[in-house]
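Before any comments, here is the structure.
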Amino acid sequence: MDFYYMPPSAPCRAVEMTAKAVGVELNKKVIDLTKGEHLKPEFVKINPQHTIPTLVDGDFTLWESRAIMTYLCEKYDSSKKWYPECPKIRAIINQRMYFDMGTLYKSFADYYYPQIMKKAPADPEMFKKIEQAFEFFNTFLDGKQFAAGDAVTVADIALLATVTNFEAAKFDLSKYANVAKWYETCKTAVPGFAENVEACASFKKYFEN
C-alpha cells in the first residue's frame, strides 16, 4: 500500500509505528510540504484536502493519521492487541487519541510551529497550554502502565510520536512522573521507536537555534 508522508511529521511517524506493530509494509512516498508537493494536481486527486499522512490501500484511500492507525489495526492485526474489540477499551483508546489530536499535539503545534515557521516569539500563554496538557496526561496515567490501561495499544503509539516531539524540543518531562515512566516503558513496548526518534531528529536543529 502507498503511504504519502513526511518523515519528521509526528502523525506520519505514528502511522509508521502502527504499520510495524501490525506487520504491514508501506510503500513510502515523500510529500515535501515546503515545496508545495501536496498541492500538485496528482496528489489533490488522491486527497482533496491535500494533507499528510495519506494511505492508499488498493482502491481505498484514507487520510487523518488516527483514522489510518485504527484502520490498519482493524484490518491487519489478527491478534487484536493494538485495538481490542471490547467497546469500553476502544472508547478509552479513542478518547486518548482524540486527546492527543485536540489537546497534546495541538499544544505542541500552537506553541512551537509559529516560532519555527514564522520566527514568532514564544507565547507564554501557549506554553501554559502545554503544561496543562501534560498535567492531564499525567493524571490519565495514575495507576496505569499505558495510556488506556495495563496493556499497550494504538493510543500509546499516537501519544508516543507526539511526546517524542516534545523531547526533541527539550521539554522537561521529569516534572510529570507518570508520563516520564510511561515514555521509558513505551521505548521498548512500541515497535519502531528507534526509527521514530531518528525521523524526528531533523526537528532538533530548530530547537537548538
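The values are calculated or read from the model by the stated rules, or taken from the named source; none is laboratory data. Keep in mind it's a predicted model, so treat the numbers as computed, not measured. Cβ coordinates were reconstructed from backbone atoms using ideal geometry, including for glycine residues, and neighbour counts include every protein chain displayed. Note: areas computed on protein heavy atoms with side chains; ligands, DNA, RNA excluded. Shrake-Rupley method; radii C 1.70, N 1.55, O 1.52, S 1.80 Å.
Computed quantities for the displayed model
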item: Accessible area per residue in Å² at 1.4 Å probe, computed on the chain; result: 50
item: Sparse-neighbour loop sites [trypsin sites (Lys or Arg not before Pro); segment 16-92; at most 13 other C-beta within 10 Å; DSSP]; result: LYS80
item: Simple label model, 7 Å out from Cα along Cβ direction - ASP2 to GLU184, nm; result: 4.4
item: Principal axis dimensions, largest first and in whole angstrom, of segment 106-190 by Cα; result: 41, 21, 18
item: Paramagnetic reach from MET117 in segment 25-59 [backbone N under 13 Å; point 7 Å along Cα→Cβ]; result: 33-36, 51-52
item: Computed [θ] at 222 nm, deg cm²/dmol, the chain (DSSP H ≥ 4; -39,500 (n - 2.57); rounded to nearest 500); result: -17000 deg cm²/dmol
item: Order by protection proxy (mean Cβ within 10 Å, highest first), peptides 4-13, 173-182; result: 4-13, 173-182
item: Angstrom value of the Kirkwood radius, inverse mean 1/r, which spans all Cα pairs in segment 2-76; result: 12.3
